[in-house]
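Have a look at the structure below, then the notes.
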Amino acid sequence: MAAGEKVGWEQSLSDMLAKESWPTEFNEIVKKLSNSEALSLQDGLFLFNSKDLDTIGYLADIVKKARFGNQAFFNVNVHINQTNICTLACKFCAFRRGRRSSDAYQMEVDEYIADLRKYSDMVDEVHSVGGLHPEWNVKHYCELFKRVKNEFPKIHIKALTAVEIKHISKLSNLSYYETLRLLKESGLGSLPGGGAEILDDSVREIICRGKESSDEYLLIHETAHNLGIPTNCTMLFGTIESIEHRVMHMIKLRNLQSKTGGFQCFVPYPFLPDDSRLPEAQLATGTEILRVISISRLMLNNIPHIKAYRMNLGDKIAELALQYGADDIDGTVQKESIMHLAGSKASLDLDNIQLAKLVTNAGCKAIQRNTTYSSFEEYIPPQIPKRRRLPMIVGE
């Protein structure tokens with residue numbers, strides 16, 4: 001392929017952008033998008049400061065449609081948070097408990113398996129993240145994952161955030177590489193992206209002191225990618241960060257993706273204030289959430305999927321976000337603790353039909369996917385037979 005030559009969705013994007021008229025102040029950004037150039041820090045700051053959210057959202061929607069057409073993705077999963085006992089005490093976290101707390105819990109392997117068994121006929125993914133348990137090292141998680149794969153071989157295990165990997169590695173006196181290698185051999189399929197928060201250590205020092213550093217988060221994901229373990233990545237916004245912090249966060253993720261290609265999906269989600277401990281937070285409005293979703297799509301040209309994580313956003317904003325650059329709404333979830341303790345009111349019991357309805361309400365085609373975005377099938381809801389109406393008898 002010749003230098004500068006575009007193929008596939010990039011050429012479609014250029015053609016789609018050329019058919020539209022754009023406000024003058026967006027000309028440079030449109031040009032870069034048309035030429036498949038990465039947007040700069042200055043471009044990102046312009047987008048955050050612009051009052052023209054309609055144009056930003058429309059640009060993001062065109063980029064999404066160039067790549068995926070009118071499709072929006074979901075999967076069938078269950079979240080099992082294995083413990084809320086944590087050696088850290090991040091300021092924004094409403095989930096964490098100390099070991100002596102009256103509502104602290106830890107699911108032993110048998111208990112975890114029994115819980116997953118309730119959903120095993122319905123799901124193809126189990127998503128498990130939790131606190132940093134002071135005793136659970138790599139042997140514990142290897143046993144857990146082996147047991148899961150032995151009983152439920154078709155269920156994909158997406159588990160353990162970067163800080164959990166760091167913690168398990170330290171407890172086990174192993175490198176990140178060796179820890180991840182052992183976990184992969186035991187059945188770990190992918191890593192979620194949680195814990196990125198904002199990849200700036202001055203912010204992290206305030207909101208999540210003691211967690212992994214920005215460089216450690218990136219290194220752990222890079223190590224996973226080098227082992228063939230795909231991962232997601234996230235951004236928590238609306239705490240104390242500046243818009244420059246947000247844009248630089250995206251650029252750091254984009255730079256790693258250019259190196260490894262291992263990120264599947266970017267998941268931006270706003271801080272939820274209820275019951276947590278960050279009074280200085282600058283809470284995100286609905287329009288700000290849509291702006292962040294849109295800018296994510298425009299800045300992260302090499303990360304294919306942008307998720308409107310409905311557990312955090314709620315169904316209404318998630319549905320709107322599918323028109324502002326997002327192409328994924330996560331899955332059925334079934335049960336979840338971390339976001340709901342922080343204040344989420346999103347429904348936990350949506351089935352495939354209800355999830356597909358969210359997608360079609362946004363004007364998109366509902367596509368059921370697997371965890372690694374390697375299997376897709378259009379979801380056609382089952383037809384419900386119409387009830388036969390009896391003729392009305394006049395005079396009765």
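Every read-out reported here was derived from the displayed coordinates using simple, explicitly stated rules and does not represent laboratory data. Only a predicted model underlies this, so the values are computations on that prediction, with no experimental measurement involved. We place every Cβ from the backbone using ideal geometry, glycine too, and count neighbours over all the protein chains shown.
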Open item on the list: Under the rule of at least 5 residues apart or a separate chain, name every residue whose amide H is placed under 5 Å from the amide H of D200.
Closed with: none
Task: Cβ-placed point charges (K, R +1; D, E -1), dipole of the range 150-269 about Cα centre in debye, nearest 20 - done: 280 debye
- [ ] Report which label in [x] 30.5; [y] 23.3; [z] 22.0 holds the value of Kirkwood radius over Cα pairs in Å derived from the coordinates of this structure.
- [x] [z]
Task: Once the Cα gyration tensor of the range 215-262 is diagonalised, semi-axes √(5λ) in Å - done: 22, 10, 8
TODO: Evaluate 2.2 N^0.38 Å with N set to the residue count of the range 15-121, then give the Cα radius of gyration divided by it.
DONE: 1.79
Task: Sorted largest first, extent of the range 62-181 alpha carbons per principal axis (Å) - done: 50, 35, 34
Open item on the list: For the pair L41/E20, report the inter-label distance in nm, with labels modelled 7 Å from Cα in the Cβ direction.
Closed with: 2.8 nm
TODO: Arrange the following residues from fewest to most other Cβ atoms within 10 Å of their Cβ: Y176, Y141.
DONE: Y176, Y141
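Here are some pairs, K91/K149; K118/K170; K184/K365; K211/K259; which of them have Cα atoms lying more than 26 Å apart in this structure?
Numbers: K91/K149 35 Å; K118/K170 33 Å; K184/K365 34 Å; K211/K259 24 Å.
With Cα atoms farther than 26 Å apart: K91/K149; K118/K170; K184/K365.
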- [ ] Starting from the Cα of N150, step 7 Å toward the Cβ, then list every residue of the range 171-191 with an amide N under 20 Å from that point.
- [x] 182-189
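Let me spell out the model: positive unit charges on the Cβ of Lys and Arg, negative unit charges on the Cβ of Asp and Glu, origin at the Cα centre of the chain. What dipole size does that give, in debye rounded to 20?
On the way: 47 positive and 50 negative charges, 128 e Å.
With only Lys, Arg, Asp and Glu charged at Cβ, the dipole is about 620 debye.
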TODO: Sort out for me the Cα centre separation of the range 164-232 from the range 260-310, rounded to whole Å.
DONE: 19 Å
Task: 5 angstrom amide H check on Y379, placed H, neighbours 5+ away - done: A366, I367, Q368
Task: Residue-wise HN-Hα coupling along the range 25-38, computed from phi with Karplus coefficients 6.51, -1.76, 1.60 (Hz; x: Gly, Pro) - done: 5, 9, 4, 5, 5, 4, 4, 5, 4, 5, 9, 6, 9, 6
- [ ] Identify which of N232, N173, N312 has the largest mean-square fluctuation in a Gaussian network model of the chain, with springs joining Cα atoms closer than 10 Å.
- [x] N173
- [ ] Return the single residue from P381, P230, P268 with maximal mean-square fluctuation; model: Gaussian network over the chain, springs between Cα atoms under 10 Å.
- [x] P381
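Considering only DSSP beta bridges where both residues belong to the chain, give the percentage that are antiparallel (nearest 5). Each step should come with its number before you reach the end.
On the way: 4 of 30 bridges.
Expressed as a percentage, antiparallel bridges in the chain total about 15.
Equivalent-ellipsoid semi-axes (√(5λ), Cα gyration tensor) for the range 231-294, whole Å, largest first? Present the calculation step by step, with values, prior to reporting the outcome.
Numbers: eigenvalues 116, 28, 26 Å².
Those come to 24, 12, 11 Å.
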- [ ] Just need the Rg to Rh number for the range 114-184, please, alpha carbons only, Kirkwood Rh.
- [x] 0.98
- [ ] Could you tell me which of T287, G57, Q82 has its Cα farthest along the dipole of the chain towards the positive end, charges placed at Cβ (Lys, Arg +1; Asp, Glu -1), taken about the Cα centre?
- [x] Q82
Task: Residue-by-residue Karplus 3J(HN,Hα) for the range 118-132, coefficients 6.51, -1.76, 1.60, Hz, glycine and proline x - done: 5, 10, 4, 7, 10, 10, 10, 9, 10, 10, 10, 9, x, x, 8
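For the chain, what is the calculated [θ] at 222 nm in deg cm²/dmol (nearest 500), taking -39500 (n - 2.57) for each run of four or more DSSP H residues and dividing by its residue count? Can you show the working numbers first?
Details: 16 runs with 166 residues, N = 396.
Roughly -12500 deg cm²/dmol at 222 nm, from the helical runs in the chain.
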Task: Vicinal HN-Hα couplings computed from phi for the range 70-76 (Karplus, 6.51 cos²θ - 1.76 cosθ + 1.60; Hz; Gly/Pro x) - done: 9, 8, 9, 10, 8, 9, 10
TODO: Return the single residue from K154, K252, K51 with maximal mean-square fluctuation; model: Gaussian network over the chain, springs between Cα atoms under 10 Å.
DONE: K51
Open item on the list: Along the Cα→Cβ direction, 7 angstrom out, place labels at F376 and N49. What is the inter-label distance in nm?
Closed with: 3.8 nm
